[in-house]
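*Asks:* Quick one: structure below, then a few questions.
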Amino acid sequence: MRWLYTRLENNHSVQHTMNILRLTGDQLRLFAVVLLLIKIIKTRSCTGISGKTQILLALQCTTRYLDLFTYFVSTYNTSMKILFSLISYFTLILIYIVYKKTFEREHDTCRIEYILTPVMMLALLVNHEFSAIEILWTFSTYLESVSLIPQLMFIIKKGEFDGALLVYLFCMVSYRSIFYLSNWIYRYYYEGYFDIICIIAALVEGIVFIYFFIRCVYSIKRKETYQKNLKLILNSPENFIINDKILKEGKNLETSSKKNEKVPLNFDNLNINELPAVHNFKIEK
């Protein structure tokens, strides 16, 4: 399928031309993965992080950088490939072995087989050349464009995330959807070379991130509003707790010794999921 791309004749090295856009993209990605690594090590926790996204990223590195054993481009290129691969697998070790007790499996529920299967099928159907290395490289390119979906779904389900994770996500998307895409535009203009697979994958990644990020913001905002309304309801003069079972059963119970005593509600360890009766209240906006 040579119609999918074009390259300058007799100049294979043009695929790896380095410019400020490509270099900036590489450094932005490096900053993102190192930031995530520092966050985990510093806090001694992988709270808020999707292990499945990290699995996809490690798989992406593995399948993309197989040409390390067959084709040498430059010392910089080889070093970055090795570094990204090592960091990816080290991050997985921290999540699933070192700090596995802090891993929030209940929020990391994305079925990655639903991502891997169509990506592999697409790589088999649409590629530059039907060879093992080329198909795996194409697979890695497609996979990278959707690898952040488990992390974004994690945030949607949990309803919160911290600043470091936001910076990580922004850098991971920006390095491809902004700098790498700009790099391809630059190379087409000055060198007459482009790769339609890389261009489309970068565009898809940007669209996917925008869609899921909007859902993340909506989910977080909705949770904050719900918690605020819940506090207004239960801290109102008409809603004092007489018995702790009110929190679990959602109905008024009388105590034998302190029947009429009113105790203010403490929200420190409140789990809003244990309050089904609260959903019956209507809050005026």
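The values are calculated or read from the model by the stated rules, or taken from the named source; none is laboratory data. Computed from a predicted model, the values in this text were never measured in an experiment. As a convention, Cβ positions derive from the backbone with ideal geometry for all residues, glycine included, and neighbour counts pool all protein chains shown. Only protein heavy atoms, including side chains, enter the accessible area calculation; ligands, DNA and RNA are left aside. Shrake-Rupley method; radii C 1.70, N 1.55, O 1.52, S 1.80 Å.
*Asks:* Find the eigenvalues of the gyration tensor of the Cα atoms of the range 61-175, then list the square roots of 5 times those eigenvalues as equivalent ellipsoid semi-axes, largest first, in whole angstrom.
*Replies:* 28, 19, 13
*Asks:* How compact and how long is the range 126-229, expressed as Rg and Dmax of its alpha-carbon atoms in Å?
*Replies:* 17.1, 59
*Asks:* Ok, one more. Taking the alpha-carbon centroid of each part, what is the distance from the range 174-215 to the range 55-110 in angstrom?
*Replies:* 22
*Asks:* Might you work out the accessible area of I55 for me, using a 1.4 Å probe with all protein chains in place, and round it to the nearest 10 Å²?
*Replies:* Number for this one is 60 Å².
*Asks:* So who's got an amide H within less than 5 Å of the one on F194, skipping anything under 5 residues away but keeping other chains? H placed 1.01 Å off N, in plane.
*Replies:* The list, which skips near neighbours in sequence, is T6.
*Asks:* May I ask you to list the residues of the range 143-166 whose amide nitrogen lies under 11 Å from a point 7 Å from Cα along the Cα→beta-carbon direction of T62?
*Replies:* So the set is empty, nothing qualifies.
*Asks:* On to the next question. Give, in nm to one decimal, the length gained when the segment between R111 and L203 is fully stretched (0.36 nm per residue of separation minus the Cα-Cα distance).
*Replies:* Net length gain for the segment: 30.8 nm.
*Asks:* Based on the Kirkwood radius over alpha-carbon pairs, what is the Stokes-Einstein translational diffusion coefficient of the range 96-143 at 10 °C with 1.306 mPa s viscosity, in µm²/s?
*Replies:* Diffusion coefficient, whole number: 125 µm²/s.
*Asks:* Right, here's the next one. Once you place label points 7 Å from the Cα toward the Cβ at T75 and S45, how far apart are they in nm?
*Replies:* 4.3
*Asks:* Report, largest value first, the span of the C-alpha coordinates of the range 168-217 along each principal axis, in whole Å.
*Replies:* Principal extents (Cα only, largest first): 40, 17, 11 Å.
*Asks:* Where does the charge balance sit around K158 when Lys and Arg score +1, Asp and Glu -1, over other residues with C-beta under 10 Å from its C-beta?
*Replies:* Net local charge, K158 excluded: -2.
*Asks:* Now for a separate question. GluC sites (Glu not before Pro), restricted to the range 58-114: which are DSSP loop and have at most 11 other Cβ atoms within 10 Å?
*Replies:* The qualifying sites are E106.
*Asks:* Would you please name the trypsin sites (Lys or Arg not before Pro) within the range 29-68 that are DSSP coil residues with at most 16 other C-beta atoms within 10 Å of their C-beta?
*Replies:* Those satisfying the criteria are R44.
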